[in-house]
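Step one of this worksheet: look at the structure below.
The values are calculated or read from the model by the stated rules, or taken from the named source; none is laboratory data. Being a predicted model, the structure only gives us computed values, none of them experimental. No Cβ is skipped: glycine too gets one built from the backbone with ideal geometry, and neighbour counts run over all protein chains shown. Please note that ligands, DNA and RNA were not included when accessible areas were found on the heavy atoms of the full protein model with its side chains. Shrake-Rupley method; radii C 1.70, N 1.55, O 1.52, S 1.80 Å.
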Amino acid sequence: MHIDQNILDKVNEWLTPTFDNQTQETIKEMMTSAPKDLEESFFKNLEFGTGGMRGVMGVGTNRINKYTLGKNTQGLSNYMIKSFPGEQLKVAIAYDCRHNSNTLAKVVADVFSANGIHVYLFSDMRPTPELSFALKYLNCHAGIVLTASHNPPEYNGYKVYWQDGGQLVPPQDKEIIEVIEALNYNEIKFEANDNLIEYIDVAVDEAFAKSTVENASFNTPKEAKENLKIVYTSLHGTSIKAIPGVLAKAGYTDVNIVPEQEIPNGDFPTVKSPNPEEPEALTMALALADKIGGDIVIGTDPDSDRLGVAVRDTDGKMMLLNGNQTMVIMTAFLLEQWKRAGKIDGKQFIGSTIVSTPMMLELASGYGVECKVGLTGFKWIAKFIKDFPELKFIGGGEESFGFMVGDAVRDKDAVAACLLVCEIAAQAKASGTTLYKELLNLYVDFGFYKEHLISLTKKGISGMQEINQMMIDLRENPMNEINGQRVVCIEDYENSTSRNMFTEEIESISIPKSNVLIYYLEDGSKICARPSGTEPKIKFYFSVNTPLDNIENAKEVEKQLDQKIKNIIAEMQLN
């Protein structure tokens with residue numbers, strides 16, 4: 001096959017002595033036996049997306065390896081030295097259970113130390129939220145976590161956190177990317193200064209657990225905690241290092257861990273995908289819950305920032321909640337706790353994202369707080385906390401199974417969210433109700449909102465072109481009517497415009513630019529399209545709603561909402 005000259009130029013650079021012999025031999029082998037793989041490995045540079053840099057491990061500019069991560073780290077070191085002149089710079093580094101995470105973390109630590117930066121490196125895998133906490137706890141300037149979240153086993157990644165404990169946001173992200181892109185690979189300093197690498201573990205673990213229990217516990221009686229039968233799975237990930245200890249510290253004694261998934265393993269052998277968004281991932285946990293009569297099932301992704309929750313429905317059967325439902329339940333509970341404590345005075349806010357349920361806005365309005373809505377990714381909620389110090393952050397989340405309780409951790413945090421959802425379930429059970437009935441009561445109070453997500457996977461160069469074309473079509477040939485409902489407004493976050501489809505009036509959007517389109521229909525339905533920032537996918541988010549007069553009608557109303565979503569999907573030809 002013919003390989004583009006631009007790609008060959010990059011390949012030839014990687015065949016120079018700057019790169020080790022093994023890397024060069026692998027590339028030479030690919031040139032003869034797998035030219036298509038070679039093209040995929042070099043056709044672009046890995047980019048920072050919504051969750052940092054994430055990709056398949058291997059050789060090449062479009063892969064995760066010691067050179068692409070070394071270049072990132074060298075660029076970040078240069079940027080920090082310039083940004084904090086005269087300061088003794090400090091960074092914290094954590095990593096998850098994935099293959100090569102520990103060795104890649106050490107490479108990153110070596111490069112930082114070679115640049116005179118003091119490194120706090122976790123001695124073993126740890127949950128991502130603990131890195132955000134540790135960064136602030138140890139007064140670091142930045143932090144790195146090596147993780148690819150819930151991606152397949154062949155992936156790894158590199159998330160960058162800044163001084164406030166949140167992930168990189170503008171303008172730092174663009175400035176750092178410019179510094180990285182201007183670097184040559186031969187400028188990377190790989191020779192470690194071991195005197196500047198300090199290993200951390202138990203002391204930070206204990207501080208993190210203490211903080212989590214303080215932030216996510218709400219006067220649940222001891223007996224109620226002991227009476228809640230919890231089934232928990234770490235899905236072979238890092239949350240096993242924190243969640244059992246935090247639940248025990250908080251007083252939960254009946255925690256049943258899925259034994260087959262307890263040992264961390266980067267192959268994730270018992271699941272197709274270690275993603276609690278996928279119902280299949282919680283199959284074993286649900287089976288254990290049915291066997292022992294569990295009240296609640298909780299599963300976390302490999303780096304422990306997302307959680308999936310299943311609870312008993314009105315018929316006593318286990319049902320999986322989606323990310324919007326868990327977010328609404330947890331946010332409403334927090335708001336109620338703050339209200340009872342007399343702590344709401346209009347100077348508080350909750351956080352959400354443009355692709356999450358509009359029900360969050362209704363909750364905020366009902367409790368007299370603000371709801372700040374940002375782009376997908378918790379870095380934007382962390383940015384709200386930093387940008388509005390006069391407002392106190394209560395909690396918030398996004399539809400992709402992430403939640404943040406307070407501001408001690410500035411990223412989605414499955415450790416605190418796990419404890420919080422157990423508090424809600426324990427209190428509900430003690431008062432003769434269930435967590436699911438609490439959700440239905442919220443639907444009666446604020447309207448029944450139902451959401452659905454479709455992810456279409458399109459791999460490689462051709463897949464990227466197909467995704468781009470789908471977005472172009474939705475922009476340039478917008479639908480005027482969907483499922484018999486007129487489109488009233490289209491928000492285009494790439495052009496920062498909101499267009500009224502009746503009057504053709506255009507208003508500007510102040511949220512940072514992103515390749516996202518949202519269609520609003522006249523019945524309150526909302527359809528959002530966005531290419532994923534971390535995976536070869538295009539995602540479509542659907543939200544429909546209708547009033548619910550009482551809990552008894554919930555099943556019938558839910559059927560109507562599900563049918564409405566199916567009709568919209570069929571009309572958009574996405575099934």
May I ask you to list the residues in segment 469-490 that are out of contact with any Asp or Glu (no Cβ under 9 Å at 6 or more places or on another chain) and in contact (Cβ under 8 Å) with a residue 40 or more places away in the chain? MET470, LEU474, PRO478
Among (1) open to solvent by 40 Å² or more (accessible area, probe 1.4 Å); (2) more than 30 Å from GLU556 (Cα to Cα); (3) out of contact with any helix residue (DSSP H, G or I) (no Cβ under 7 Å at 6 or more places or on another chain), the one test that GLN485 misses: (2)
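Among what's in segment 509-523 and is in contact (Cβ under 8 Å) with a residue 60 or more places away in the chain and either open to solvent by 30 Å² or more (accessible area, probe 1.4 Å) or among the acidic types (Asp, Glu) (or both), pick the residue that is nearest to PHE448 (Cα to Cα).
Going residue by residue through segment 509-523, those that are in contact (Cβ under 8 Å) with a residue 60 or more places away in the chain are 511-512, 514, 516, 518.
The next check asks that each one be either open to solvent by 30 Å² or more (accessible area, probe 1.4 Å) or among the acidic types (Asp, Glu) (or both); those that pass are 511-512, 514.
Numbers: ILE511: 27, PRO512: 30, SER514: 29 Å.
Ranking the qualifying residues of segment 509-523, first place goes to ILE511.
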Among the residues that make up segment 80-97, is at least one of them among the acidic types (Asp, Glu), under 28 Å from the mean Cα position of the chain (by Cα) and closer than 25 Å to ASN265 by Cα? yes
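Among GLU522, GLU491, GLU504, GLU481, which is among the acidic types (Asp, Glu), more than 24 Å from the chain's Cα centre (by Cα) and within 23 Å of MET359 (Cα to Cα)? First the steps, then the outcome.
Working: GLU491 fails: more than 24 Å from the chain's Cα centre (by Cα); GLU504 fails: within 23 Å of MET359 (Cα to Cα); GLU481 fails: within 23 Å of MET359 (Cα to Cα).
It is GLU522.
Among residues belonging to segment 53-79 that are outside any helix (DSSP H, G or I) and of a type outside the set (A, V, I, L, M), point out the one that is farthest from the chain's Cα centre (by Cα). Don't jump to the end; show me each part of the working.
Kept after step one, since they are outside any helix (DSSP H, G or I), are these residues of segment 53-79: 53-65.
If we keep only those that are of a type outside the set (A, V, I, L, M) too, we end up with 54-55, 58, 60-63, 65.
On the way: ARG54: 12, GLY55: 15, GLY58: 24, GLY60: 26, THR61: 25, ASN62: 22, ARG63: 21, ASN65: 22 Å.
It comes out as GLY60.
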Do we have LYS386 as touching a Lys or Arg at 6+ places or on another chain (Cβ under 9 Å) and surrounded by fewer than 24 Cβ atoms within 10 Å (Cβ to Cβ) here? yes
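A quick yes/no check of all residues on (1) more than 27 Å from the chain's Cα centre (by Cα); (2) more than 26 Å from ASN151 (Cβ to Cβ); (3) β-branched (Val, Ile, Thr):
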site	(1), (2), (3)
CYS528	no, no, no
SER532	no, no, no
PRO536	no, no, no
TYR541	no, no, no
GLU552	yes, yes, no
LYS555	yes, yes, no
ASP562	no, yes, no
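Condition first: part of a loop (DSSP other than H, G, I, E, B), touching a residue at least 40 places away in the same chain (Cβ under 8 Å) and more than 15 Å from ASN322 (Cβ to Cβ). Now tell me which residues in segment 259-300 satisfy that.
So in segment 259-300, the residues part of a loop (DSSP other than H, G, I, E, B) come out as 262-278, 293-295.
Narrowing the set further to residues that are touching a residue at least 40 places away in the same chain (Cβ under 8 Å) leaves 264-268, 273-277, 293-295.
Result: PRO264, ASN265, GLY266, ASP267, PHE268, SER273, PRO274, GLY293, GLY294, ASP295.
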What is the residue count in segment 181-215 for residues that are surrounded by fewer than 12 Cβ atoms within 10 Å (Cβ to Cβ) and either in contact with a Lys or Arg (Cβ under 6 Å, 6 or more places away or on another chain) or among the aromatic types (Phe, Trp, Tyr) (or both)? 1
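Residue by residue, here is whether (1) closer than 30 Å to ALA430 by Cα; (2) open to solvent by 40 Å² or more (accessible area, probe 1.4 Å); (3) modelled with pLDDT of 95 or more holds:
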position	(1), (2), (3)
ALA287	yes, yes, yes
GLY294	yes, no, yes
VAL311	yes, no, yes
GLY323	yes, no, yes
ILE344	yes, yes, yes
CYS371	no, no, yes
So which of LEU453, LEU442 ends up being open to solvent by 20 Å² or more (accessible area, probe 1.4 Å), out of contact with any Pro (no Cβ under 8 Å at 6 or more places or on another chain) and modelled with pLDDT under 95? LEU453
Going through segment 533-552 in order, the residues found to be open to solvent by 20 Å² or more (accessible area, probe 1.4 Å) and touching a helix residue (DSSP H, G or I) at 6+ places or on another chain (Cβ under 9 Å) are PRO536, LYS537, ASN545, THR546, PRO547, ASP549, ASN550, ILE551
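Being open to solvent by 30 Å² or more (accessible area, probe 1.4 Å) and not aliphatic (A, V, I, L, M) narrows it down to one of GLU362, GLU398, so name that one.
Details: GLU398 fails: open to solvent by 30 Å² or more (accessible area, probe 1.4 Å).
Just a single option satisfies the conditions, and that option is GLU362.
Which of the residues belonging to segment 401-436 are polar (S, T, N, Q) and open to solvent by less than 10 Å² (accessible area, probe 1.4 Å)?
Step one: of segment 401-436, the residues polar (S, T, N, Q) are 427, 431, 433-434.
Matches in segment 401-436: none.
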Mind listing just one residue for me: the one in segment 11-39 that is under 30 Å from GLY143 (Cβ atoms) and in contact (Cβ under 8 Å) with a residue 24 or more places away in the chain and, of those, farthest from the chain's Cα centre (by Cα)? THR18
Only one of (1) modelled with pLDDT under 95; (2) open to solvent by less than 10 Å² (accessible area, probe 1.4 Å) does not apply to LYS379, and that is (2)
I need the helices (runs of 4 or more DSSP H) fully contained in segment 307-416, keeping only those with at least 3 residues that are of a type in the set (Phe, Trp, Tyr). 378-387
Could you tell me whether any residue of segment 465-485 is at pLDDT 95 or above, in contact with a strand residue (DSSP E or B) (Cβ under 6 Å, 6 or more places away or on another chain) and not hydrophobic (A, V, I, L, M, F, W, C)? yes
Any idea which residue in segment 40-49 is farthest from ASN184 (Cα to Cα), counting only those that are touching a residue at least 60 places away in the same chain (Cβ under 8 Å) and buried (at least 18 other Cβ atoms within 10 Å of the Cβ)? GLU40
Restricted to segment 238-256 and to residues being within 26 Å of the chain's Cα centre (by Cα) and not in a helix (DSSP H, G or I), the residue surrounded by the most Cβ atoms within 10 Å (Cβ to Cβ) is ALA242
Just checking, does segment 21-35 include any residue being open to solvent by less than 10 Å² (accessible area, probe 1.4 Å), among the hydrophobic types (A, V, I, L, M, F, W, C), under 26 Å from ILE538 (Cα atoms) and in a helix (DSSP H, G or I)? no
Within segment 80-112, the count of residues that are open to solvent by less than 30 Å² (accessible area, probe 1.4 Å) and part of a loop (DSSP other than H, G, I, E, B) comes to 5
Checking the conditions here, which among TYR155, TYR185 is touching a strand residue (DSSP E or B) at 6+ places or on another chain (Cβ under 9 Å) and touching a residue at least 40 places away in the same chain (Cβ under 8 Å)? TYR155
